[in-house]
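K.L.:
Take this structure, written in structure tokens, and hold onto it; I'll ask about it next.
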Amino acid sequence: MSGGHSLRIDRLIQDYQATVLPIGLHRVDARVKLGLLVAAVAINVGFARPVVSGPLLLVALAGVLRSRIPLRLFALFFFAPLWATVLIMAGFSLGFGHTPLAQWGALTLYQEGVWLGIGAGLRVLSDMAWMAAVFLTTPFDKLLMALRWYRLPEAFVDAFDMTYRYAFLLADECFRMMTASSVRGGTRGFRRRLKGLGMILAQVILRAYDRAARIQQAMVARGAEAKSK
């Protein structure tokens, strides 16, 4: 994603949901999809085996293909935690096991660790595929209605609503700062790229904190505190 991030991610998702044909998961009730998502994640975490995570991933991918979700939007969900997944897989592969496969200096790659890493990676990818399939085929207001139908606490639903909406706003600011850094030569060289990324993330965290404080003040000024009591 480049340059004009004025086309915000949430706007891309809304435009897609407004123009898509009613096919695949788009035709399924939001309450059913939410229940399937929770069940899939619970099974994936409860059994924690590749023979379970693999089929769950395939089922989610089949739903994505049947619903004709654009690859660009699906990738936003599916590949977002990829760097963390790779680190987890590397940690398992290098830190667990007793059957060496390869060695680089003090680092040893273990067969048992590789399988543990593959299993962990499959679980993450499976959960993200299910989340993408549900969130991209369900308008956000219908998701909130489904959460309320399941009798979740109103405070949780409101917090989820605000988190979802402001996460995209902060991501948009992060992309704009990364683009500005690239234009100014801040991505030339590995060390400079890391330093620039660290400064950008620090700014995003500070802006998130500042925005949260201002939102809280605005809500209190409108009587939110009085209503909560």
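K.L.:
Could you tell me the relative contact order of the chain? Use alpha-carbon pairs under 8 Å, at least six residues apart, and round to a whole percent.
P.N.:
Once divided by the residue count of the chain, the mean separation gives 24 percent.
K.L.:
Turning to a different aspect of this structure: Which one is right for this structure if Cα extents along the principal axes in Å is calculated from it: (1) 63, 38, 38; (2) 50, 46, 29; (3) 62, 46, 40?
P.N.:
So the calculated entry is the one marked (3).
K.L.:
Rank Leu136, Leu57, Leu21 by mean-square fluctuation in a GNM of the chain with C-alpha springs under 10 angstrom and give only the top-ranked residue.
P.N.:
Maximum fluctuation in the GNM of the chain, among the listed residues, is at Leu21.
K.L.:
Once phi is turned into ³J(HN,Hα) by the Karplus curve 6.51 cos²θ - 1.76 cosθ + 1.60 with θ = phi - 60°, what whole-Hz value does each residue of region 23-28 show in order, with x for glycine and proline?
P.N.:
Once rounded to whole Hz, the list reads 10, x, 5, 5, 8, 8.
K.L.:
Sticking with this one: Evaluate the distance, in nm, between pseudo-label points positioned 7 Å from the Cα of Val32 and of Tyr150 along their respective Cα→Cβ axes.
P.N.:
Placing both labels 7 Å beyond Cα along the Cβ direction yields 1.6 nm.
K.L.:
Treating the beta-carbon of each Lys and Arg as +1 and of each Asp and Glu as -1, no other charges, what is the dipole magnitude of the chain about its Cα centre, to the nearest 20 debye?
P.N.:
Dipole magnitude for the chain comes out near 540 debye.
K.L.:
Further, regarding this structure: Tell me the trypsin sites (Lys or Arg not before Pro) within region 85-177 that lie in a loop according to DSSP and have at most 16 other beta-carbon atoms within 10 Å.
P.N.:
Arg151
K.L.:
List every residue whose amide H lies under 5 Å from the amide H of Leu101, counting only residues 5 or more places away in sequence or on a different chain, with H placed 1.01 Å from N in the peptide plane.
P.N.:
Leu109, Tyr110, Gln111
K.L.:
Taking a label point 7 Å from the Cα of His98 along the Cα→Cβ vector, which residues of region 110-144 have an amide N closer than 14 Å to it?
P.N.:
Correct set: 111-113.
K.L.:
Of Phe47, Ser182, Gly113, whose Cα points farthest to the positive end of the dipole of the chain (charges on the beta-carbon: +1 Lys, Arg; -1 Asp, Glu; origin at the Cα centre)?
P.N.:
Ser182
K.L.:
Let me ask something else about it. Counting helices only, and only those DSSP H runs with n ≥ 4, report the 222 nm mean residue ellipticity of the chain as the sum of -39,500 (n - 2.57) divided by its residues, in deg cm²/dmol to the nearest 500.
P.N.:
-25000 deg cm²/dmol
We did not get these values from a lab; they are worked out from the coordinates using the rules stated. All figures in this text were calculated on a predicted structure; none of them were measured in a lab. Cβ coordinates were reconstructed from backbone atoms using ideal geometry, including for glycine residues, and neighbour counts include every protein chain displayed.
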